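Trainee: Dropping the structure in here first, questions after.
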Amino acid sequence: MFKGIDISASGLTAQRLRMDTISSNISNAETTRDEDGNTYRRKVPIFRQKVENQMESGVNAGRGSNSTGVEVDQIAEDQSPFRLEYRPNHPDANEEGYVELPNVSVMTEMVNMIDASRAYEANIQAISNYKSMANSALNIST
């Protein structure tokens, strides 16, 4: 009965993780060295469909697999090239005076943040609609 809510809840969790990852990227947009001494690389969450095998769970035996939302597959590092800026006085500048800056575009991250926020809101609305439909179904007999 609550499968619709569970699916939307997994979407809420996924979009929250996406927003956390985006905010981490924005906060490290100028980080030239991480704890290992490397230039920060943009992080991107990769999601996959969460599938429940109904044959194993005994629910609707014989029907096979069914989607139950999304889950995080991994948080990958974007392999696009770093930005090079001429800053000869920067402590991390190379011999030519260029500094490798993270491959983070704040504008792209903000667009992604708006997209994640709208997807989050859509999942909240889906849960609200599901609750409203369930309430209406319960009130049919009265």
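Trainee: Go through segment 79-104 and give me each residue that's loosely packed, with under 13 Cβ neighbours inside 10 Å and either of a type in the set (Asp, Glu) or part of a helix (DSSP H, G or I) (or both).
Mentor: GLU95, GLU96
Trainee: Which one of these is closer than 30 Å to THR68 by Cβ, open to solvent by 60 Å² or more (accessible area, probe 1.4 Å) and not aromatic (Phe, Trp, Tyr): ARG33, ARG48, ARG18, ARG42?
Mentor: Exactly one residue qualifies, and that residue is ARG48.
Trainee: Applying the selection to segment 11-34, what residues are closer than 28 Å to ASN94 by Cα and in contact with an Asp or Glu (Cβ under 6 Å, 6 or more places away or on another chain)?
Mentor: Selection gives ASN25, ILE26, THR32.
Trainee: Which pairs turn up if I take residues in segment 105-119 that are part of a loop (DSSP other than H, G, I, E, B) and open to solvent by less than 90 Å² (accessible area, probe 1.4 Å) and look for partners that are of a type in the set (D, E, K, R) and modelled with pLDDT under 95 with beta carbon separation below 9 Å, at least 6 apart in sequence or on another chain?
Mentor: So the pair list comes out as SER105/ARG83.
The values are calculated or read from the model by the stated rules, or taken from the named source; none is laboratory data. Model, not experiment: these values are computed from the prediction. Quick reminder, even Gly has a Cβ in these numbers, built from the backbone with ideal geometry, and neighbours come from all protein chains shown. Each accessible area value is taken on the protein alone, full model and side chains, heavy atoms only, with ligands, DNA and RNA left out. Shrake-Rupley method; radii C 1.70, N 1.55, O 1.52, S 1.80 Å.
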